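This report concerns only the one structure given below.
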Amino acid sequence: MSTPDTTTSGLAPGFLVAAPGLRDPNFARSLVLMVEHGPEGSLGFVVNRPSTVTVGELLEQVDPALRAEAERDERAAASVMVGGPVQPERLWILHQPDSVSEAEAGVLLAGSLLVGGSRELLESLVRAPAPSPFLLLLGYSGWGPLQVEREVAVGGWVPLPFELGLVFEVPFEARWDEAVKRLGLSPGGFSVGGGGAQA
């Protein structure tokens, strides 16, 4: 079995896969999509931890008409994800660019994934006649300068190159296991130190 690349250069966009024994309850068995990584720190979103809020319930708070729009193709029943422990009241939207205009789209992370947070973007995605997949997240995950490097070095996380399918094609409950598989490891196949992002 080949050893995974644990370097952190070019980490964003990409993933951090939590090692099985990661003790921080915010990140146990988590898959984090990294969107920023640099000398001043890092920012990412946990993409496999559902909140207790459904998309429909969140949309009801924004505009009841939006919930009705989402219910036409069963998106209202999907879970809003817990993106991380920082600013848990803030909504983020991960989406593909097909359904919205450039002005609404947000920040491009990779050739086929954007992140935004405006009400206009949310409304456009929900009301699009043939919407592309999107993921709603509350909160984000943040690391200070060199914190990710230290946590990778002690085995708390393993970097994985960006793959869009992990976000939109794999059910959330299977994303961590699938990421471990794509690393060429088994869930018990690597060790861990302490670690954990900033709360």
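The values are calculated or read from the model by the stated rules, or taken from the named source; none is laboratory data. This one's a predicted model, so the numbers in the text were calculated from it and none came from an experiment. Neighbour counts are summed over all protein chains in view; Cβ atoms, including those assigned to glycine, are modelled from backbone coordinates with ideal geometry. These area figures cover heavy atoms from the full protein model, side chains too; ligands, DNA and RNA do not enter into them. Shrake-Rupley method; radii C 1.70, N 1.55, O 1.52, S 1.80 Å.
Here are some notes:
- Selection within region 95-113 - touching a strand residue (DSSP E or B) at 6+ places or on another chain (Cβ under 7 Å), at pLDDT 75 or above and not in a strand (DSSP E or B): Gln96
- Test: residue in region 68-77 that is surrounded by 14 or more Cβ atoms within 10 Å (Cβ to Cβ) and either more than 14 Å from Leu125 (Cα to Cα) or modelled with pLDDT of 90 or more (or both): no
- Only residues that are in a helix (DSSP H, G or I) and either open to solvent by less than 10 Å² (accessible area, probe 1.4 Å) or among the charged types (D, E, K, R) (or both) were counted in region 161-180, giving 9.
- Against the test of being assigned to a strand (DSSP E or B), polar (S, T, N, Q), touching a helix residue (DSSP H, G or I) at 6+ places or on another chain (Cβ under 6 Å) and surrounded by 14 or more Cβ atoms within 10 Å (Cβ to Cβ), the options Ser42, Ser132 yield a single qualifying residue, Ser42.
- Answer residue from region 105-129, given it is among the charged types (D, E, K, R) and open to solvent by 50 Å² or more (accessible area, probe 1.4 Å) and is nearest to Glu169 (Cα to Cα) among those: Arg127
- If you go through region 16-35 and keep only what is in a loop (DSSP other than H, G, I, E, B) and buried (at least 22 other Cβ atoms within 10 Å of the Cβ), you end up with Ala19, Leu22, Phe27, Ser30.
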